[in-house]
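Working notes, beginning with the structure itself.
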Amino acid sequence: MNAVAWAIVALGIGVVVVRRRSIAVGIVTAQAVLLAVAALGKGTSLDSIVAAAALTLRGVVLATLLLLLVRRTRETRPVRAGVAPLARAAAAVALALALIWLMPPIGLDSQAAERATLTLVAIGLVTAATRRATLFQVLGIVLVENGLALAALSLPGTSSLAIEIGVAVDLLLIALVAGVFHERIFAEFGAGDSAVLRSLRDS
Amino acid sequence: MTARDWLATAVLVAPLVGIAAAAVTPDHLLTRVETAIAVLAAVAAGVMAVVALAQPGERQLGRWLVLDPAGGLLLGVIGVIGLSSALVSSQYLAGRRGSLFRPRWADRVYWATLFAFWVVLLAVPLAGNLGAAWLAIEATTAASALLVGFSGRARALEAGWKYLILTSLGLGVALLGILVLEAAAGGGGIETLTWRSLPHASLDHQTAVVAYVLLLAGLAAKIGWAPVHNWLPDAHSEAPAPVSALLSAALLPAVLLVAWRSEQALAPTIGARTAGGVLVGFGLVSLAVAVPFLWRSQAWKRLLAYSSLEHMGVIALGIGFGGTLALAGVAVHIVGHALAKALGFYAATPLLAHDPRAAGHSVGGVGRTEPKLGASLGISLGALAGLPPSPLFVSEVLIVAGGFQVGRPWAAGAAAILLALGFLGLAHALVDTVIGRPRGRDRHPALGLRAVTTLTAVTVPLLLALTAAALWLPDSGIVHGLVRGLG
């Protein structure tokens, strides 16, 4: 479980630094597969199998949706992030270390799972805050949710399958709505770049 | 299933029928059918609210369903605002130009999304556990973001995108808080997170404090509490007027109810003083951030949005103070704010038709050029400012008095000063909007004014009745039910 958790974190760092949207989508999909492996690693109970199936399905549907968006909104050149890749990675690591330092033990199965969860949340927040490309901002939300899925899998005792499935469905809905916005922003401004969305100001 | 279970099912099924009807109803019947279904949905929500408020001592605390006075109050508000938003939607759709969706489908998507937003809003106060409440809140984001960006204009896209990303990340933080809470309780599945179990859970004090802070910080992004309120003025000002009303009058207090229940549920572990203190902190910061914007010359809907920030701060203060006086103030404030704010947003549709500059600039002298519209704007703004006999005047007095009652004199004193400053800002805007110097010369007929005039005629007696009820409320069974909470 610990090795899987840190592998998911390593993949998350990849999303912070890569330039191509399709590669980043591939990385978060790989995370979803690893989360499904982690769910099966908890045992072969019906709950574990259903959780693994839900995570796999969520990953596949998300990957299909996001890759479709990438294909329909081809950028003539990649949207430049406002912050350099190494600086983004450093910011993610710094925020992760701060969260780990601030948070008391929260009672997950292992300390590694707790640290991996907080690191993934930090990576997601930094990705959403420092990437200008709209699709990367959606991936920031997915990274946070992947971290939370890891935490849910590392809860002691039983967790609520209904809530976990609900969270997966909600994430898909959010991604779907974000996809509608992304396409329209691309059509309106010629790029999926959140930097063009700066017209609303107080008079 | 009990009668209340059946009623709760009806409350949630009626808007779902509205979604289905949007897909299959012929074009020429669409508005009528959707309006009829909205009436049924509002009646179901209203009956449920009456049941909860008429028998405040008989709470239902199930695993998936909860019904208590606070939930009843919100169900009533969401039912009324949902219905009135549906009633004025036809005016908005008749005058809309362009959409995020293909023209042929735009009206159907609007109705389906409006009912989807409404049903998940109704689910929030009914949710029997923190996990289900979170799911409903997250679902409101998906539905309402589409509605915020519905016009498809560049500014609406910006507002919708900002709303979607910021609130989703915020709710991610809130979910982390829920998971910390569940882990601290040693797992146990959904039962651990029910409102009936949380007050009795055996939790480590420090971990519970961290979970509570994460939960409230995350929910704050959705409630629009400062300093995580950045999406609020943009989304409220760019959404269609009926949706702005739902966002401000129903969504924000519905999410605030979850923060309130979390405070009640965790107070036995972390201490009522600490739990309330976090809310008081959010309340004071929100008031302090809102006041300077209420003094600035703002576009109408943006001014109402900053007023929402102020009023969510006031409600947070009341909940944080607790006690009979403050919670009576909270109950009156939630209802009074909903009625006055919704009226203000509905009046934006004829206002924009009358003076298109109002989309981006402050308006002046509307009472001189279109007296009926000026009256609607004035009544809304006067009530929101807390101008007597507005119920918000009474509720703010109750909340400040409640602060002194529970031994938080400094916070109550600071709130009183900030409220007075906010009142002066809104009073200036009120005078300027209604009887000030008209700005711009291109005034047009105020399309859709008739519906707003009718709503104003209904709202005024309701506001006055609420003011009268506010004087009796502190000693009522409803407020004792609110004080007792879910514990």
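Inside the range A:180-203, residues that are small (Gly, Ala, Ser) and surrounded by 20 or more Cβ atoms within 10 Å (Cβ to Cβ) make up a count of 2.
The residues of the range B:101-128 that are touching a helix residue (DSSP H, G or I) at 6+ places or on another chain (Cβ under 7 Å), touching a residue at least 60 places away in the same chain (Cβ under 8 Å) and not in a helix (DSSP H, G or I) amount to a single one, B:Ala127. All conditions but one from (1) surrounded by 19 or more Cβ atoms within 10 Å (Cβ to Cβ); (2) of a type in the set (Gly, Ala, Ser); (3) within 10 Å of chain B (Cβ to nearest Cβ) apply to A:Ala129; the one that does not is (1). Against the definition (in a loop (DSSP other than H, G, I, E, B) and within 10 Å of another protein chain (Cβ to nearest Cβ)), how does B:Gly172 come out, yes or no? No; evaluated as a whole, the condition is false for this residue. Of the residues making up the range A:164-193, those that are more than 7 Å from chain B (Cβ to nearest Cβ) and touching a residue at least 40 places away in the same chain (Cβ under 8 Å) number 14. Within the span defined as the range B:27-49, every residue fails to be in contact with a helix residue (DSSP H, G or I) (Cβ under 8 Å, 6 or more places away or on another chain), touching a residue at least 12 places away in the same chain (Cβ under 8 Å) and not in a helix (DSSP H, G or I). If you go through the range B:77-100 one residue at a time, do you hit one that is within 14 Å of chain A (Cβ to nearest Cβ), in contact (Cβ under 8 Å) with a residue 40 or more places away in the chain and touching a Lys or Arg at 6+ places or on another chain (Cβ under 9 Å)? Yes, some residue in the range B:77-100 is within 14 Å of chain A (Cβ to nearest Cβ), in contact (Cβ under 8 Å) with a residue 40 or more places away in the chain and touching a Lys or Arg at 6+ places or on another chain (Cβ under 9 Å). State whether the residues of the range B:179-199 include one that is assigned to a helix (DSSP H, G or I), more than 10 Å from chain A (Cβ to nearest Cβ) and touching a residue at least 60 places away in the same chain (Cβ under 8 Å). Among the residues of the range B:179-199, at least one is assigned to a helix (DSSP H, G or I), more than 10 Å from chain A (Cβ to nearest Cβ) and touching a residue at least 60 places away in the same chain (Cβ under 8 Å), which makes the answer yes. The single residue among B:Ala136, B:Ala145 that is in contact with a strand residue (DSSP E or B) (Cβ under 6 Å, 6 or more places away or on another chain), under 15 Å from B:Leu251 (Cβ atoms) and at pLDDT 95 or above turns out to be B:Ala136.
Applying the selection to the range B:133-150, what residues are among the aliphatic types (A, V, I, L, M) and facing another protein chain (nearest Cβ under 7 Å)?
Taking the range B:133-150 first, the residues among the aliphatic types (A, V, I, L, M) are B:133, B:135-137, B:139, B:142-143, B:145-148.
Those that are among the aliphatic types (A, V, I, L, M) and facing another protein chain (nearest Cβ under 7 Å): B:Leu135, B:Ala139, B:Ala142, B:Ala145, B:Leu146.
In the range B:159-174, the residue that is nearest to A:Val121 (Cα to Cα) out of those that are surrounded by 24 or more Cβ atoms within 10 Å (Cβ to Cβ) and in contact with an Asp or Glu (Cβ under 8 Å, 6 or more places away or on another chain) is B:Gly172.
Among the residues of the range B:281-293, the ones that are over 16 Å from the mean Cα position of the chain (by Cα) and crowded, with 24+ Cβ neighbours inside 10 Å come to 3 in all.
The residue pairs whose first member lies in the range A:35-46 and is assigned to a helix (DSSP H, G or I), whose second member is surrounded by fewer than 14 Cβ atoms within 10 Å (Cβ to Cβ) and of a type in the set (Lys, Arg), and whose beta carbons are closer than 8 Å, counting only pairs six or more residues apart or on different chains, do not exist in this structure.
Could you look through the range A:150-162, keep only residues that are within 7 Å of chain B (Cβ to nearest Cβ) and within 19 Å of A:Leu120 (Cβ to Cβ), and pick out the one that is surrounded by the most Cβ atoms within 10 Å (Cβ to Cβ)? Before the answer, list the steps.
Taking the range A:150-162 as the starting set, the residues that turn out to be within 7 Å of chain B (Cβ to nearest Cβ) are A:151-152, A:155-160, A:162.
Checking the rest, the ones that are also within 19 Å of A:Leu120 (Cβ to Cβ) come to A:151-152, A:155, A:159.
On the way: A:Ala151: 28, A:Ala152: 25, A:Leu155: 25, A:Ser159: 25.
Only one residue fits best here, namely A:Ala151.
Any chance the range B:309-329 includes a residue that's assigned to a helix (DSSP H, G or I), out of contact with any strand residue (DSSP E or B) (no Cβ under 8 Å at 6 or more places or on another chain), surrounded by 24 or more Cβ atoms within 10 Å (Cβ to Cβ) and within 14 Å of chain A (Cβ to nearest Cβ)? Within the range B:309-329 (the criterion being assigned to a helix (DSSP H, G or I), out of contact with any strand residue (DSSP E or B) (no Cβ under 8 Å at 6 or more places or on another chain), surrounded by 24 or more Cβ atoms within 10 Å (Cβ to Cβ) and within 14 Å of chain A (Cβ to nearest Cβ)), the answer is yes, since at least one residue qualifies.
The values are calculated or read from the model by the stated rules, or taken from the named source; none is laboratory data. What you see is a predicted model, and the numbers here were worked out from it, not measured in a lab. Cβ sites come from the backbone with ideal geometry, for glycine too, and all protein chains shown count toward neighbours.
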